[in-house]
1. Test each condition in (1) at pLDDT below 85; (2) closer than 30 Å to Ala94 by Cβ for Val5 and report the one that comes out false.
2. Could you grab me the full set of residues in segment 65-116 that are modelled with pLDDT under 75, surrounded by 11 or more Cβ atoms within 10 Å (Cβ to Cβ) and closer than 22 Å to Leu55 by Cβ?
3. Taking segment 56-86, which residues are outside any loop (DSSP other than H, G, I, E, B) and over 24 Å from Tyr38 (Cα atoms)?
Amino acid sequence: MDCIVEFFAGLFSDFGTGAVPMEAYLVVSCVMFFAGIYGFLSRKNMLMVLISVELMLNAADLNLVVFNRYLFPAQSEGFFFTLFAIGIAAAETAIAIAIIINIYRHTNNTIYMDENITTMKH
């Protein structure tokens, strides 16, 4: 337990200077990513699964920005790659929501991962 307290105390050791350490961003990104994994594995509603996937993508984008900012502060390739990834994620979301809406129109029921997909096969 003491090592956990020391870890978080080390994260915010320069709290008064206004600089946020890289580890704090990585902890937030890790929590976001594992929350997305948990949502992806535990939810049956397709819309909630889609939201969980987006949460995982946002965590990866946050990692890209943080590593670019702290490792190469004068360069901006990480920011451009992140903007590209956000654009791809938006397109993926639009297509997935269109598919979910079409399944809902076909079945007139709440869309769950296992039940409605097997119904669509028949």
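The values are calculated or read from the model by the stated rules, or taken from the named source; none is laboratory data. If you're wondering where the values come from, they're calculated on a predicted model, not measured in any experiment. Cβ atoms come from the backbone with ideal geometry, glycine included; neighbour counts cover every protein chain shown.
1. The failed condition is (2).
2. Within segment 65-116, Thr110, Ile111, Tyr112, Met113 qualify.
3. If we filter segment 56-86 for residues that are outside any loop (DSSP other than H, G, I, E, B), which is where we start, we get 56-71, 77-86.
Phe67, Asn68, Arg69, Tyr70, Leu71, Glu77, Gly78, Phe79, Phe80, Phe81, Leu83, Phe84, listed by residue number.
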